[in-house]
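Here the structure comes first, spelled out in structure tokens, and everything after it is commentary.
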Amino acid sequence: MTGRGFTVKKSWDNPVEHEMPAQARVPAEMRIGPVVVAPATVLAPMAGVTDTVFRRFIRHASLFTASASPAESAIEAAVTNAQSGCGLLMTEFTSADGLSRMREAKRKRYLTFYDDEHPIGAQLFGSNPETLAEAARIVQDTGFDLVDLNLGCPAKRVVGCNGGSGLLRDLPRISEILRAVRKAVSIPFTVKFRLGWNDSQIVCIELARMAESEGLNAVALHARTREQGYSGQARWEWIAAVKQAIHIPVIGNGDIRTPEDAAAMIAKTGCDGVMIGRAAPANPWIFRQIAQYTAHGSYDRPTVHDRYRMIRTYFQMLLDEAEASQSLPRDARHGETAGKMKQFASWFTHGVPGGAKLRAAIYQERTGAGVLEQVDRFFTAQIESGLGAQDVTSAEEYPAFPETALVCD
């Protein structure tokens with residue numbers, strides 16, 4: 001935790017190792033109103049992470065396999081949810097106040113998505129019922145499949161405005177917000193929240209019942225309090241309690257690092273689907289792995305060669321998006337892209353032998369082209385030395401999210 005707010009920790013606190021349950025599997029689908037989420041897996045909304053490039057990257061991640069031909073690996077190839085294993089994508093959380101004030105041209109930068117991202121939800125945060133209702137209408141008019149309310153972000157700058165998890169101390173205000181937004185839009189409306197402000201103020205069951213009574217279509221619970229931030233264990237027993245208390249779909253979130261974890265959450269809580277946040281940047285294949293594990297009881301583990309193709313493709317997508325964007329001057333766009341590459345380098349090189357050297361080289365570069373050159377040079381040497389087929393998933397701990405990234409998963 002820093003002065004900027006909560007940041008995602010380098011690793012989970014004493015993570016529990018789960019085995020594949022004998023009975024439970026991640027469901028093949030769940031329905032959020034008329035929206036079919038197949039399979040029942042959701043990419044968590046994460047500030048500074050889940051922009052349109054990363055979302056499409058996750059949707060296409062199933063194509064990054066050592067056996068795939070270049071044509072099969074092309075990011076333009078047609079991809080279905082079944083291939084990617086991620087049933088629902090979510091945007092970064094977006095300020096309702098900002099959306100209601102900004103010009104339509106600027107809104108596009110925050111609400112841009114492409115056809116291959118459906119189904120996709122937009123997450124909003126704020127504390128004014130009327131403003132949130134107007135922002136939800138903008139989301140609906142933009143073409144999103146659902147709108148989600150953030151009641152979970154623990155960041156000080158969000159809580160200080162009575163947004164995110166700050167609202168967990170004011171259930172009457174939450175009720176007003178839920179009613180106003182539900183009245184404003186016809187698309188499915190969901191809410192993501194934490195257990196409560198702290199251990200003495202656990203409100204998740206009451207809040208879930210309120211959401212159901214106000215006509216929401218699903219709830220997602222990150223099974224920690226605001227006070228916990230991202231530390232300690234997620235308390236899955238509360239996900240089970242919420243599931244017992246309501247009839248609309250319940251999505252579980254917290255401490256899903258592996259396919260085994262996803263199956264174990266379903267088995268232990270009975271929840272309808274799982275949401276994955278901080279594991280996704282370090283292991284973009286996790287959704288596909290969950291789908292494989294559900295079907296076969298085993299899953300592919302990425303090699304060094306897989307990770308090279310994955311990193312290079314994502315970085316090229318960033319460059320292509322910057323080139324196509326007109327929202328900033330060209331130099332600013334490409335400088336911003338190089339910064340994004342450096343941000344993701346620490347996650348994407350997780351588990352790669354000698355990855356620290358690659359990260360150091362990337363951080364010295366000032367352009368996206370320079371970053372790509374360093375990536376090519378490093379992995380070419382790795383593959384030529386015979387390390388290309390090595391499994392990289394367990395070589396080191398999960399990496400840290402940069403201190404500058406506020407992540408609300």
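A few notes on this one:
- Put a dot 7 Å past the Cα of residue 173, heading toward its Cβ, do the same for residue 199, and the two dots end up 2.6 nm apart.
- Here, the range 102-257 yields an orientationally averaged convex hull projection of 9.5 nm² when only Cα atoms define the hull.
- Expressed in Å, the radius of gyration and Dmax of the Cα atoms of the range 146-223 are 11.7, 36.
- Whether the range 30-296 is rounded, prolate or oblate, judged on the alpha carbon gyration tensor where a/c under 1.5 counts as rounded: oblate
- Remark: spin-label model distance residue 367-residue 28 equals 5.1 nm, labels positioned 7 Å along the Cα→Cβ axis.
- In this rough spin-label picture, where each label sits 7 Å from Cα along the Cβ direction, the residue 247-residue 301 distance is 4.5 nm.
- In the range 30-296, a dipole from Cβ-located charges (positive for Lys and Arg, negative for Asp and Glu) runs towards its positive end, and of 166, 138, 217 it is 166 whose Cα lies farthest in that direction.
- A straight Cα-to-Cα reach below 30 Å connects residue 268 with the lysines 9, 10, 192, 243, residues fewer than 8 places away in its own chain not being considered.
- The range 30-296 - charge dipole about Cα centre, Lys and Arg +1 at Cβ, Asp and Glu -1, debye rounded to 20: 480
- Shape metrics for the range 304-384, restricted to C-alpha atoms - Rg then Dmax, Å: 12.5, 41
- Spatially, the range 150-176 and the range 219-254 are offset by 16 Å when compared through their Cα centroids.
- Amide H contacts of residue 123 (H built 1.01 Å from N, in plane; Pro and chain starts excluded): 91, 94, 148 sit under 5 Å, all sequence-distant by 5 or more or on other chains.
- The gain in end-to-end length when the residue 183 to residue 385 segment is fully stretched comes to 66.6 nm, 0.36 nm per residue minus the alpha carbon separation.
No value in this document is a laboratory result; all are computed from the given coordinates. On a predicted model such as this, the values are computed, not experimentally measured, just so you know. Every residue, glycine as well, gets a Cβ built from its backbone with ideal geometry; the counts of neighbours run over all protein chains shown.
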